[in-house]
Amino acid sequence: MPEETTPPTDDTRMELTLEGLTGFAKRRGFVFQASEIYGGLAGFWDYGPLGVELVNNIKASWWREFVNRRTDMVGLDTSIIQNPTLWKASGHVDEFVDPMVDDLVTRKRYRADHLADLDTTDLAKLSEALKDTLSPDGNPLTEPKMFNLMFTTNVGAVEGESTQTYLRPETAGGIFTNFKNVLDTTRQRLPFGIAQIGKSFRNELTPGEFIFRVRELEIMELEYFTKPEDAPAAFDEFLALQKEWLASIGLDPNHLHEYEHPVDGRAHYSDKTIDLEFDYPFGTKEMTGIANRTNYDLTQHAEFSGKDLRYFDEETKQHIVPYVIEPTFGLGRIALAVLCDAYREEEVNGEKRIVLQLTPEMAPIKAAILPLSKKPELSSLAKEIFADIAGDWRIEYDETQSIGKRYRRQDEIGTPYCITVDFDSLEDKAVTVRERDTMKQDRIAITNLKAYLLERL
C-alpha cells in the first residue's frame, strides 16, 4: 500500500523546542554533551557520527563557494596559539570584553547587555538601565563591569620562564600577520581575500542554548582586502553572497533578518557591522556577521611589529594600507539553523513521520542500502551494490528491523534515497529507489543506479 502523507505546515517547524531539538540531536547522533559521563562541561559539545558529516558538508560547501570558485581568494590554516603581542596589537587584550553583572547573593554572573536588552558596551548606559533590575533569581546586582573573554595558557617547560599567551578568540589574527607572506608567495593583487576555517575559544559568561553559545567554536571566516574607496561595494557584495549561500544549503530566507549594529554596539575596529539573524526555536539570534574593519588591523600590526604591511598600488604608484571586509560564519550556529529548518513532522497512514528535509548536499548519509531480508543471496547482492557506490558518497547499509522502520529511521536522519534490494532484484537486476520527501518509488536497473544518484546528488 502506498504511503499517504499529510504535508506539514510552516508552523510545524516552529513547534520544535530547544529541549526537543537537543534530545533529537543526541538520539540520532548529531551532537553529544562533551565528557557527558563525567557530568559534562558548560559550553563544550561533541559532534556525533551524523553531526560530523553535517558540519563537514557545511565546511566543504562554504570552501567551494567562497574559495574554490573565485580567482581572488586563497586559504590559510594558522596556529591556534600565537605570539601574545598579536592579541595586544589587535586590541583583544583590552577590548575583547563583555559587560557583566554579579548576583550579590548567589554570585552567578550574567551578561549586563542581555539583562538590559541593550546592544551596547557603554557601562554608564547599562548601569542606568539596570538600576532597578533584579537577577533571574530575584536578587540585587552589582554594578556592570567588563570581563575579558580570552582563555589564557602558558608556553614553555620551565616554571617561571614560560610565556603567558592565549587561545585565539578568532581566526582573523593569523590571517593579518600572514598578509605579506601571502602577497610574496602568490600573484594576488587588490582586491583579494584570505579564507580560513578553524577553532576559536571564548570564555563566554553565559554559554547555553545548546550549540548556539559555546566556549569552543569553529569559525569560517575570510578577510577581503580592498582599496578604501572600494570597501563599501565589497561589503554589499559579500552580504549578498552570505544570503545566497545560506539559502543554497537549505535555510529559508524568510527566517533570516538583517540587524545593523549601532556605533556603541559594534566592535572597536568596525566602521560598519551587520548581523544576519535567524529565527531559532529560542528566539531570533545572530547567526553570521559581516564587518568593515577599515585598515585597523594592518595598521596595528605594523606598529607593534615594526614591519611594513602596506600594499604598493601599481596604478597609482603609492603605498596604501588596505581596508578589510570580514564575513564571518559560526559553524555551530549554522548547523543548528540547518537542523531547525529541515525538521518536519508529518502524518503517514495515521502515524507520525519525522523527516529531516536536508538538501542532498547537506545530508550526512546520501543513500541507504536496505536488503529486504537477511537471506544470504540478498545480503550478498546488497553488499555488492554498496561496495560499488560507497566510494562516491557516504552510504549506509542496514538490514535490521522491518523495511518500514528502516525507512522511518532514514527519513529522520535526512537520507535522501533508500535503495531496497528485494527477491525480484535477483531476477530483474533492478532495485527500488525511494525518495525521502515524496516517498515516491522508482524501479532502477542496478547498472544505472550510480548514474541515477549522480544526477540527483
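Numbers for the structure displayed
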item	result
Exclusive hit being farther than 19 Å from G414 by Cβ and at pLDDT below 95, set S305, S270	S270
Residues that are of a type in the set (D, E, K, R), more than 23 Å from G330 (Cβ to Cβ) and either assigned to a loop (DSSP other than H, G, I, E, B) or touching a Leu at 6+ places or on another chain (Cβ under 6 Å) (or both), drawn from segment 142-179	E143, E159, E161
Subset tally (residues that are of a type in the set (D, E, K, R) and either at pLDDT 95 or above or touching a helix residue (DSSP H, G or I) at 6+ places or on another chain (Cβ under 7 Å) (or both)) for segment 311-334	2
Where a residue in segment 269-289 is farther than 18 Å from A335 by Cβ and its partner, wherever it lies, is acidic (D, E), with Cβ under 8 Å and at least six apart	Y269/D297; K272/E260; T273/E260; I274/E258; I274/E260
Residue count for segment 155-195, restricted to those that are without any contact (Cβ under 8 Å) to a residue 24 or more places away in the chain and closer than 21 Å to S90 by Cα	1
Helices (runs of 4 or more DSSP H) completely within segment 15-111 that count 3 or more residues being under 26 Å from L205 (Cβ atoms) and not hydrophobic (A, V, I, L, M, F, W, C)	18-27, 84-90, 92-95
Condition met for T359 (within 30 Å of D275 (Cα to Cα), buried (at least 18 other Cβ atoms within 10 Å of the Cβ), among the polar types (S, T, N, Q) and at pLDDT 95 or above)	no
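Yes/no per residue for (1) hydrophobic (A, V, I, L, M, F, W, C); (2) part of a helix (DSSP H, G or I); (3) on the phi < 0 side of the Ramachandran plot:
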residue: G332; (1), (2), (3): no, yes, yes
residue: D341; (1), (2), (3): no, yes, yes
residue: P364; (1), (2), (3): no, no, yes
residue: L370; (1), (2), (3): yes, no, yes
residue: L381; (1), (2), (3): yes, yes, yes
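So that you can scan it fast, the table gives a plain yes or no per residue for (1) surrounded by 16 or more Cβ atoms within 10 Å (Cβ to Cβ); (2) closer than 19 Å to L50 by Cα:
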position: E351; (1), (2): no, no
position: P364; (1), (2): yes, yes
position: E377; (1), (2): no, no
position: I385; (1), (2): yes, no
position: D392; (1), (2): no, yes
position: R406; (1), (2): yes, yes
position: E412; (1), (2): yes, yes
position: K429; (1), (2): no, no
position: E435; (1), (2): no, no
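The values are calculated or read from the model by the stated rules, or taken from the named source; none is laboratory data. Quick caveat: nothing in here was measured; it's all calculated off a predicted structure. Cβ atoms come from the backbone with ideal geometry, glycine included; neighbour counts cover every protein chain shown.
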